[in-house]
Amino acid sequence: METEMICLGLFHLRRQDMEKDWWKGKVAYQIYPKSFKDSNGDGVGDLKGITKKLDYLQNLGIDILWLSPIYKSPFIDQGYDISDYYAIDPIFGTMEDMEELIAEGKKRGISIIMDLVVNHCSSHHEWFQKALSDPDGPYADYFYFIESDKEPNNWESYFGGSVWEPVPGTNKYYLHSYHKDQPDLNWQNPVLREEIYKMINWWLDKGIAGFRIDAIINIKKDLEWRSLPSDRENGLVPVLESLVNAQSIEPFLQELNERTFAKYNAFTVGEVFNETDEELHFFIGKDGVFSSIFDFKQTCLGQEGKGWFDHTLPTAEELKESIFQAHERADRIGVLSTIIENHDEPRGVSHYIAEGPVNDTSKKALGTIQVLRKGIPFIYQGQEIGMENQVFESVEDFDDIATINGYHVAKEAGLSEEEALAAIANYSRDNARTPMQWSAEPGLGFSDGPAWLISPKPDYSINVEDQEKDPDSILNYYRQLTALYRHPLYGNTIRFGDMIPAYRDRENIIAFERRGDKRILVISNFQNRQATLELPAPIKTLVLNNTAGLFQEGDQVLELVPYQSIVLELVE
Ligand code: GLC
């Protein structure tokens with residue numbers, strides 16, 4: 001990253017801060033702080049632990065680091081319920097630790113972005129406490145307090161049950177799109193909006209580079225609170241469906257951007273689902289309110305059912321088409337951020353390697369597709385060593401409220417205990433939330449104390465220490481992938497080049513060209529079978545190969561082994 005200082009009279013600005021779109025062509029990494037690295041032996045990850053691992057992240061080629069929430073929180077939804085936006089939760093350390101992390105990150109060219117959770121706060125936040133103690137006072141207006149003698153409508157929260165909870169001692173209900181301890185904030189209220197802008201700018205002044213923006217589409221509401229037709233026995237309808245009747249989100253986000261992010265040239269990536277084409281322009285177009293949004297299309301594959309128990313795993317063809325369609329739609333508008341997993345998803349290697357086996361080769365193939373497709377790749381902690389879904393033996397092994405709710409939904413739908421457990425084991429968010437596996441020691445090199453959320457049977461063979469020693473490890477392969485972003489010949493094309501599908505009709509071949517000042521062909525035989533492929537021209541350079549040997553320069557017909565991925569430059 002450019003750190004040259006530019007002298008502008010009284011102001012000394014880093015060149016990076018001045019360059020618009022400085023974040024384009026970068027590689028990002030997501031940390032789930034509770035589970036990344038514990039530095040003080042209390043069994044929970046912390047900020048000092050993250051700082052200790054910055055060299056590791058630099059070696060992995062990371063430019064942008066997203067921290068899931070580290071603010072003060074009662075952790076009902078693992079920090080996505082914030083009780084003080086200006087404080088670091090003591091389990092993670094102190095504000096000095098955060099300042100140290102930001103400063104040490106900068107030294108290594110790593111920009112820190114935080115999670116911005118402003119659709120809701122925690123019921124423990126002083127705003128909500130003040131609202132409860134004076135339900136007709138000004139703080140009640142920070143939330144949606146609706147007068148009614150019963151739940152105002154039939155909307156169901158994302159975590160199950162009604163979105164409405166009585167305000168004690170009143171004839172009012174308050175809205176919570178998520179858990180009842182996560183009351184929704186009222187964006188209609190300009191005083192609340194000012195509080196939010198002030199807080200965002202306070203963090204940007206501290207030197208963070210931007211935000212991942214949580215659950216943001218939910219800030220629009222149907223202010224008539226209309227019930228929706230339900231085909232379910234409990235009469236409820238997911239709150240997400242009410243958003244089609246909601247007021248426009250545009251004025252809020254435009255104001256948010258102008259008052260905060262734009263002034264700081266911050267990087268922002270929105271958690272946005274189901275956006276229309278028009279909204280895509282609004283979010284990430286030329287004058288878009290965010291720098292980028294995540295491509296969640298592939299995570300939604302197989303989810304048409306009634307809950308996790310009813311989901312199916314995506315095939316290679318579905319994965320391929322979802323990726324191509326996402327780019328065909330978005331690339332001419334703006335920049336997508338890409339994932340195979342995050343803290344809300346099962347592990348990508350357990351989810352997307354349709355035919356199996358899930359081994360080093362197939363894991364590297366999945367990584368190749370994600371890291372080299374166009375966009376900003378977000379590598380989720382542990383992805384770079386190929387961490388898989390965990391073994392959970394009973395519902396007591398889980399922590400996540402959404403998982404436990406999913407278990408009850410499955411049982412209510414008539415599944416046996418074992419079937420319900422199998423469904424949540426496949427999809428639980430806890431699969432990705434267990435501690436990072438640094439070594440094969442009992443605490444996984446994560447903690448010297450009683451590590452939190454460790455599954456009953458971690459796969460100790462998957463760990464950083466062993467993979468550091470093995471030149472062919474998944475970790476070292478990810479380093480090669482990210483190194484392509486800085487490659488003297490190919491870097492420009494990988495960072496900024498177009499993405500054009502190739503061999504689209506060939507079943508289970510996921511291939512694309514990256515085209516810039518070079519033409520690079522990325523081919524993955526994403527199946528458990530051999531495939532023969534003829535190239536349009538002979539190989540000029542074999543840039544990367546996820547299995548040993550097999551091809552050389554001059555070859556034009558390829559026999560690809562199962563899950564082989566190659567990156568090629570062809571003779572012009
Ligand atoms: C987002 C977060 C998720 C959280 C929810 C409520 O979807 O990624 O972890 O539970 O918002 O804040």
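The values are calculated or read from the model by the stated rules, or taken from the named source; none is laboratory data. Small disclaimer: the values here were computed from a predicted structure and weren't measured. Here the Cβ is made from the backbone with ideal geometry for all residues, glycine too, and neighbour counts use every protein chain on show. Please note that ligands, DNA and RNA were not included when accessible areas were found on the heavy atoms of the full protein model with its side chains. Shrake-Rupley method; radii C 1.70, N 1.55, O 1.52, S 1.80 Å.
Within the group E279, E275, E258, which residue is closer than 27 Å to W22 by Cβ, within 16 Å of the ligand (Cβ to nearest atom) and either out of contact with any strand residue (DSSP E or B) (no Cβ under 6 Å at 6 or more places or on another chain) or at pLDDT below 95 (or both)?
That would be E275, the only listed residue that is closer than 27 Å to W22 by Cβ, within 16 Å of the ligand (Cβ to nearest atom) and either out of contact with any strand residue (DSSP E or B) (no Cβ under 6 Å at 6 or more places or on another chain) or at pLDDT below 95 (or both).
Only one of these conditions is not met by K206: (1) farther than 25 Å from F273 by Cβ; (2) within 16 Å of the ligand (Cβ to nearest atom). Which number is it? Among (1) farther than 25 Å from F273 by Cβ; (2) within 16 Å of the ligand (Cβ to nearest atom), the lone unmet condition for K206 is (2). Filtered by the rule that a residue be assigned to a helix (DSSP H, G or I) and either over 18 Å from R514 (Cβ atoms) or open to solvent by 10 Å² or more (accessible area, probe 1.4 Å) (or both), the range 351-373 gives H351, Y352, D360, T361, S362, K363, K364. Kindly evaluate D498 against the criterion of being in contact (Cβ under 8 Å) with a residue 60 or more places away in the chain and within 29 Å of E534 (Cβ to Cβ). Here the answer is yes, as D498 does meet what is asked.
For Y352, indicate whether it is without any contact (Cβ under 8 Å) to a residue 60 or more places away in the chain and aromatic (F, W, Y).
Details: without any contact (Cβ under 8 Å) to a residue 60 or more places away in the chain: yes; aromatic (F, W, Y): yes.
Yes.
Among the residues of the range 374-402, which ones are within 16 Å of the ligand (Cβ to nearest atom) and either buried (at least 22 other Cβ atoms within 10 Å of the Cβ) or not β-branched (V, I, T) (or both)?
Passing the criteria: F378, Y380, Q381, F398, D399, D400, A402.
Within this structure, S157 passes the test of being on the phi < 0 side of the Ramachandran plot, within 16 Å of the ligand (Cβ to nearest atom) and of a type in the set (G, A, S). Applying the selection to the range 291-312, what residues are buried (at least 16 other Cβ atoms within 10 Å of the Cβ) and in contact (Cβ under 8 Å) with a residue 60 or more places away in the chain? Scanning the range 291-312 gives S291, S292, F294, D295, G307, W308, F309, H311.
Checking the conditions here, which among K320, K263, K286 is in contact with a Pro (Cβ under 9 Å, 6 or more places away or on another chain) and among the charged types (D, E, K, R)? Exactly one of K320, K263, K286 is in contact with a Pro (Cβ under 9 Å, 6 or more places away or on another chain) and among the charged types (D, E, K, R), namely K320.
Residue-level check: of (1) closer than 19 Å to S248 by Cα; (2) within 16 Å of the ligand (Cβ to nearest atom), Q188 misses just (2). Of the residues making up the range 136-168, those that are among the hydroxyl-bearing types (S, T, Y) and under 33 Å from the mean Cα position of the chain (by Cα) are Y139, Y142, Y144, S157, Y158, S162.
A residue that is touching a His at 6+ places or on another chain (Cβ under 6 Å) and open to solvent by less than 40 Å² (accessible area, probe 1.4 Å) occurs nowhere in the range 528-540.
In the set (1) away from the ligand (no atom under 16 Å from the Cβ); (2) open to solvent by 50 Å² or more (accessible area, probe 1.4 Å), the condition left unmet by S242 is number (2).
The residue that is most open to solvent (accessible area, probe 1.4 Å), among those in the range 140-168 that are assigned to a strand (DSSP E or B) and more than 20 Å from W187 (Cα to Cα), is P166. Of the residues making up the range 545-561, those that are surrounded by 20 or more Cβ atoms within 10 Å (Cβ to Cβ) and either touching a helix residue (DSSP H, G or I) at 6+ places or on another chain (Cβ under 6 Å) or part of a loop (DSSP other than H, G, I, E, B) (or both) number 1. Just so you know, in the range 59-108 the residues that are within 16 Å of the ligand (Cβ to nearest atom) and aliphatic (A, V, I, L, M) include one that is most open to solvent (accessible area, probe 1.4 Å), and it is I76. D448: over 24 Å from the mean Cα position of the chain (by Cα) and without any contact (Cβ under 8 Å) to a residue 40 or more places away in the chain, yes or no? Here the answer is no, as D448 does not meet what is asked. When V163 is tested against the conditions (1) over 19 Å from E195 (Cβ atoms); (2) away from the ligand (no atom under 16 Å from the Cβ), the lone failure is (2).
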